[in-house]
Amino acid sequence: MSVSRYLLVRDYRNVKSDALAILLFKGESPKRLYADVDEGLRGLLSRVVELGDFKGDINEVLTLYNTDLPYPRIIMVGGGDVKEASYETLRVFGGHAVSRARSLGISKVSIALRVLGDPAKSLRAIAEGAILANYTFSKYKKDVKLVKEIEIVGKEEVPNWESIVNEVNIVGEAYKLSRDLANSPPEDVNPDTFENYVRDVLKDLPVNIKVLSKEEIVKEGLNGILAVGKGSVRGPKLLIMEYRGGSGPWYAVVGKGVCFDAGGLNLKRDKWIAEMKFDKSGAASVVGIIYAAAKLKLPINLVGLVPLVENLPSGSSYKPGDIIKMYNGLTVEVVNTDAEGRLILADAIAYAIKNYKPEVVIDLATLTGAIVVALGNQAAGLFTNDESLAKELEKAAEESGERVWRLPLWKEYFEDIKSEVADIKNLGVVGAAGAQAGAAFLAKFAEEAKWAHLDIASTAWTQEEGPKKPYYPKGATGFGIRLVLTYLKSKVK
Ligand code: BES
Ligand code: ZN
Ligand code: ZN
């Protein structure tokens, strides 16, 4: 299912496959780049373009058939305006190639390398798009259509293609395990089984796993995690994954692990509740990040912290009106039990800072519906207390294609979460700046540490409506894995 290789060819007529995928920008004639294919098709390729039946628009895909070439299909993929092209265009190209091959049910697809700028980066982008598109949640389905072999072919030397292909395949595995976790039904992956799953996927890697049970959570005073977990028969947990790959300071990644968010006593309505198995997406991305970092042997010390709970209504649930004394000593008035993510993350962030003294803490969380309203599915919200971290994460976002958009943490937003009966409350002004209220709450627990919060409620799974990327199949996306890995790699260079 992985990318098998990069194959240098002189003539595209020699490729042996079930399909060859090529990229054409708007107004581009196939005669220059794909003259050999066009000849093999007796001019059909250029004819289709001349007739205007293939315009090269972004997201345009057309399959041609032939009897003369050693592959019976050509998958033409449009790239849009070449002046607007980026590595992301190549990622989308790789995604369309595989996604069309999958729907045709074919087993091998060869994708023609198109170089934009740097050949190595171009190869990587196409391979990333291809591997990320070759996924479906298959645990409960028999007839899944996946491509068995993806090969990239091209006429340009790409030095070190082996290491690029190897790295992309590892990242592909990280997305698969992360998407599988987030897509799994809530009864399947709950605070107990999440741990087993993680132990299994990390078993051959140099990652030290620690789990704080409910009793230890009580003993440590992680009362935010404890409170949210109270309504479930399954106790809360704090899962800690340590990867020691370097000699410098720790970097910490924290992921929201609400295995199901019913809202607690502030029960959600059916439109939202149906999707809330995805509320463990941040946690799933953190597992993916740890997996990839360890398997790629990144020379860095990285700790992943994942508070795991189920937010359910029951006789033992925490209640609106409760006041919680958090791990760092702050008191929190619970106004709405559905704003649970910030409570468990706050404790996990404070725990990470106290016990690991990390250089940087990044949290990933499906924290607010407000971020979906603000950004649609086009970007995750970025909040941080550090200007250079903002720049570095924005750069990593640009490079990885996992977009972020920075939102402010002005002091006025901290006014919104002041409480009359406790230090702060878990809700801001209803209907106003909801994502900022969540972020401001977390900032109180990051205190002086360099910290960034990624509100991924907008990007963690594909919504029914709106434009879709071909490399994000339906359901969980795994968003954040490449973003954070790109950032971490920039820190060790
Ligand atoms: N898990 C939700 C956030 C969410 C909502 C993610 C919709 C994706 C789609 C979170 O725990 C939540 O319920 N947030 C509330 C906060 C509110 C009560 C302040 C929300 O956003 O409505
Ligand atoms: Zn909630
Ligand atoms: Zn939630």
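Derivation of every value follows stated rules applied to the coordinates shown; laboratory data play no part. A quick note: this is a predicted structure, and the numbers were derived from the prediction, not measured.
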Note the angle between two axes, namely the Cα long axis of helix 191-201 and the longest principal axis of the Cα atoms of the chain, as a number of degrees from 0 to 90, rounded to the nearest 10.
-> 40 degrees
Quick one: which of LYS83/LYS145; LYS256/LYS319; LYS271/LYS469; LYS256/LYS295 span more than 27 angstrom between C-alpha atoms?
-> LYS83/LYS145
Relative contact order (percent) for the range 284-381, with alpha-carbon contacts under 8 angstrom and 6 or more residues of separation?
-> 20 percent
Longest principal axis of the chain (C-alpha) makes with the long axis of helix 119-133 (C-alpha) an angle, in degrees to the nearest 10, of 70 degrees
Helix 481-492 vs. the chain, principal-axis angle (Cα, 0 to 90°, nearest 10) | 90 degrees
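Once you have the Cα-Cα distance between LYS16 and ARG32, take 0.36 nm times their residue separation minus that, and quote the gain in nm to one decimal.
Numbers: separation 16, 0.36 × 16 = 5.76 nm, distance 2.16 nm.
The LYS16-ARG32 span can extend by a further 3.6 nm.
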Reachable aspartates and glutamates from LYS391, Cα under 18 Å, same-chain residues fewer than 8 places away excluded?
-> GLU359, ASP363, GLU399, GLU402, ASP455
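Beyond 22 Å between alpha-carbons counts as too far, so tell me which of LYS277/LYS425; LYS214/LYS280; LYS176/LYS297; LYS108/LYS280; LYS357/LYS411; LYS325/LYS444 fall in that bin. All intermediate terms of the calculation are to be shown ahead of the outcome.
Details: LYS277/LYS425 26 Å; LYS214/LYS280 19 Å; LYS176/LYS297 19 Å; LYS108/LYS280 34 Å; LYS357/LYS411 25 Å; LYS325/LYS444 14 Å.
From LYS277/LYS425; LYS214/LYS280; LYS176/LYS297; LYS108/LYS280; LYS357/LYS411; LYS325/LYS444, over 22 Å: LYS277/LYS425; LYS108/LYS280; LYS357/LYS411.
Taking the DSSP beta bridges in the chain as the whole, what percent of them are antiparallel, to the nearest 5? Write down the numbers at each step before the final one.
Working: 28 of 70 bridges.
Taking every DSSP beta bridge with both residues in the chain, the antiparallel ones total about 40 percent.
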Reduced to Cα centres, the span from the range 256-316 to the range 174-204 in Å works out to 10 Å
Going by a ≥ b ≥ c, the root eigenvalues of the Cα gyration tensor, does the range 240-369 fall in the rounded group (a/c under 1.5), the prolate group (a/b larger than b/c) or the oblate group?
-> oblate
For the range 420-493 and the range 114-144, compute the distance between their C-alpha centroids and round to whole Å.
-> 24 Å
Can you list the aspartates and glutamates whose alpha carbon sits under 15 Å from that of LYS155, skipping same-chain ones fewer than 8 residues off?
-> ASP11, ASP36, ASP118
